[in-house]
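This report refers to the structure that appears directly beneath it.
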Amino acid sequence: MTSLRMSQPRRGSIFVQQFCDERIANILESNGSGVVVFDYDNDGYMDLYFVNPGPLKGVTHEAPGTKRQPNRLYHNNRDGTFTDVTEKAGVGGAGFGIAAAAADYDGDGWTDLYVVNVGKNILYHNNGDGTFTDVTDKAGVGNTGTGIGATWLDVNNDGRLDLYVANYLSFDPDYKLFYNPTSYPGPLAYKPERDVLYINNGDGTFTNASESAGIWRCRPTGPCPCMRWTTTGMAIRTSISAMTRLRICCSLTTATGIFATKPCSGESRSTPWARRLAR
């Protein structure tokens with residue numbers, strides 16, 4: 001449960017993350033969901049955006065008719081309390097929410113919001129007046145994988161923020177552990193899903209550059225050992241040298257624990273994507 005003191009609808013009320021089950025019954029429910037801290041209205045105070053998972057067919061086990069509770073945006077009142085402005089802002093979200101990432105992708109001075117779901121992700125453009133507009137389809141960033149995280153970064157040093165979306169695994173609700181059917185399988189029991197890299201075109205749209213960048217070099221159906229890993233998180237490392245470079249460092253689930261990303265077996269470190277990850 002995630003809780004937050006806020007000023008509306010009444011002072012001292014509690015935000016409770018929606019969990020549509022009696023117990024953690026599978027690997028997707030075990031992930032929980034995230035929160036973003038960002039100043040959406042440029043008043044100099046950090047606001048909060050909480051992501052809600054809600055019900056999802058084949059994953060959760062809720063009572064019939066259970067409605068999804070919205071994601072929540074809380075405005076900082078500057079006095080230690082927050083006000084729920086979700087409805088006014090138009091950022092209630094949809095689907096099974098996992099995470100979010102905030103950044104000003106179009107350089108208009110207002111921080112935008114990308115919401116990661118199990119299913120179609122959402123890009124909210126900040127209108128600068130306390131409201132947001134869903135521009136997912138226009139921007140072309142509605143990845144429909146099993147999302148686990150996302151980050152904004154300038155991959156090609158063109159001055160525009162690009163978007164990297166980390167996907168988790170292909171969940172099969174019918175798969176059970178034969179030696180312990182009352183428990184749920186871990187991430188290595190499922191096929192991994194490819195991450196996605198979107199390059200900012202500078203006109204409000206993005207291009208999927210995952211294949212040309214090399215992050216799809218190892219196919220999920222192929223023999224490459226790295227595809228037995230599933231992405232569980234990421235970080236951006238900045239290298240200061242003759243040229244500043246940003247590198248995506250993914251944490252991966254393997255049979256022996258968590259490892260930093262490295263080039264795949266049979267892949268040369270001289271390839272562009274391998275060089276980025278190896279350094």
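What length, rounded to one decimal in nm, is gained on full extension from Lys67 through to Asp108, with 0.36 nm per residue of separation minus their alpha-carbon distance?
Full extension of this stretch gives 11.2 nm more.
Could you run the Debye sum over the Cα atoms of segment 32-104, one equal point scatterer each and no solvent, and tell me log10 of I(q)/I(0) at q = 0.14, 0.16 Å⁻¹, two decimals?
Once normalised to I(0) and log-transformed, intensities are -0.49, -0.61.
Compute the accessible area per residue over segment 154-207, keeping the other protein chains in place, probe 1.4 Å, unit Å².
Per residue, segment 154-207 has 51 Å² of solvent-accessible surface.
Report the calculated FRET efficiency for Glu87 and Asp172 (r = Cβ-Cβ distance, R0 = 35 Å), to the nearest 0.05.
0.45
Which of the aspartates and glutamates could a cross-linker span from Lys88 if the Cα-Cα distance has to be under 14 Å and same-chain partners fewer than 8 positions apart are dropped?
Filter leaves Asp41, Asp129, Asp134.
Place a +1 charge on the Cβ of each Lys and Arg in segment 70-212 and a -1 charge on the Cβ of each Asp and Glu, then give the dipole magnitude about the Cα centre in debye, rounded to the nearest 20.
In debye, rounded to 20, segment 70-212 gives about 540.
How charged is the neighbourhood of Lys57? Take every other residue with its Cβ under 15 Å from the Cβ of Lys57, and add Lys/Arg as +1 and Asp/Glu as -1.
Summing Lys/Arg as +1 and Asp/Glu as -1 gives -2.
Taking Lys57 as the anchor, which lysines have their alpha carbon closer than 19 Å to its alpha carbon, excluding any fewer than eight residues away along the same chain?
Of all the lysines, those that pass the test against Lys57 - Cα under 19 Å, at least 8 places apart if same chain - are Lys67, Lys120, Lys176.
Can you work out the accessible area per residue across segment 1-152, with the rest of the protein chains kept in place, probe 1.4 Å, in square angstrom?
Heavy-atom SASA per residue in segment 1-152 reads 45 Å².
Test of understanding: what is the full-extension gain from Asp43 to Lys191, defined as 0.36 nm times their sequence separation minus their Cα-Cα distance?
Going from the current span to full extension adds 48.8 nm.
Please report the spacing between the Cα centers of segment 11-52 and segment 141-211 in Å, no decimals.
Each part reduced to its Cα centre gives a spacing of 20 Å.
Give me the number: length gained by fully extending Thr133 to Asp79, i.e. 0.36 nm times residue separation minus the C-alpha to C-alpha distance, one decimal in nm.
Going from the current span to full extension adds 16.6 nm.
The values are calculated or read from the model by the stated rules, or taken from the named source; none is laboratory data. None of the values given here were measured: they were computed from a predicted structure. Every residue, glycine among them, receives a Cβ derived from its backbone with ideal geometry; neighbour counts consider all protein chains shown. Areas reflect the complete protein model, heavy atoms only, side chains present, ligands, DNA and RNA absent. Shrake-Rupley method; radii C 1.70, N 1.55, O 1.52, S 1.80 Å.
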